[in-house]
């Protein structure tokens, strides 16, 4: 069975659901592994670390890895600096590595206004925009999405800034195609 990002995300959702149930973690891990181990795929699931970790190896030997919830995502992983003073949002960091490429997401919170945070990311992404496509979608001062796409390297960075109860929440997503 070829493991693509959609398959991994579907299984990850099952893992989160299973990890929240009253069943012991090792039983949930075995159920998920069994669901993945069709058509020669080997799977290892770990729900014990406060994060969901899944590693699969398909019949051709290609390995995919997913860590959802508490992945360690850095500024270099996403391709832009974190807004100064932001704090990570609990359970909102994910890392996916497949033979086709990688994806990371991280959620952050700032006490600053959404317009100020969006201006910071706009400046950083525009500074990287030469030869790439820059896009901005805004829902006023409280909701902004910025995206930088590099067709040549098959990479995208997307930053979504939204108004929170106090300040701003930031979601940064970065996708990179596999190197040839």
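The values are calculated or read from the model by the stated rules, or taken from the named source; none is laboratory data. These figures come from a predicted structure and were not determined experimentally. Cβ coordinates were reconstructed from backbone atoms using ideal geometry, including for glycine residues, and neighbour counts include every protein chain displayed.
Quick look at the numbers
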item: In region 74-94, the residues that are free of Cβ contacts under 8 Å to residues at least 60 places away in the same chain and within 20 Å of residue 150 (Cβ to Cβ); result: 74, 75, 76, 81
item: Verdict on residue 108 being more than 21 Å from residue 178 (Cβ to Cβ), in contact (Cβ under 8 Å) with a residue 40 or more places away in the chain and assigned by TED's automatic domain parsing to the domain that holds residue 175; result: yes
item: Enumeration of residues in region 48-66 that are closer than 19 Å to residue 100 by Cβ and in contact with a helix residue (DSSP H, G or I) (Cβ under 9 Å, 6 or more places away or on another chain); result: 54, 56, 64, 65, 66
item: Any hit, region 19-31, residues being modelled with pLDDT of 85 or more and in contact with a helix residue (DSSP H, G or I) (Cβ under 7 Å, 6 or more places away or on another chain); result: no
item: All positions within region 72-105 that are within 15 Å of residue 176 (Cβ to Cβ) and assigned to a loop (DSSP other than H, G, I, E, B); result: 73, 74, 79, 80, 99, 100
item: Single condition residue 16 does not satisfy, out of (1) modelled with pLDDT of 80 or more; (2) touching a strand residue (DSSP E or B) at 6+ places or on another chain (Cβ under 8 Å); (3) outside any strand (DSSP E or B); result: (1)
item: Residue match in region 129-139 (condition: at pLDDT below 95, closer than 15 Å to residue 163 by Cβ and either in contact with a helix residue (DSSP H, G or I) (Cβ under 7 Å, 6 or more places away or on another chain) or crowded, with 20+ Cβ neighbours inside 10 Å (or both)); result: no
item: Subset of region 104-128 (residues that are over 30 Å from residue 67 (Cβ atoms) and touching a helix residue (DSSP H, G or I) at 6+ places or on another chain (Cβ under 8 Å)); result: 113, 115
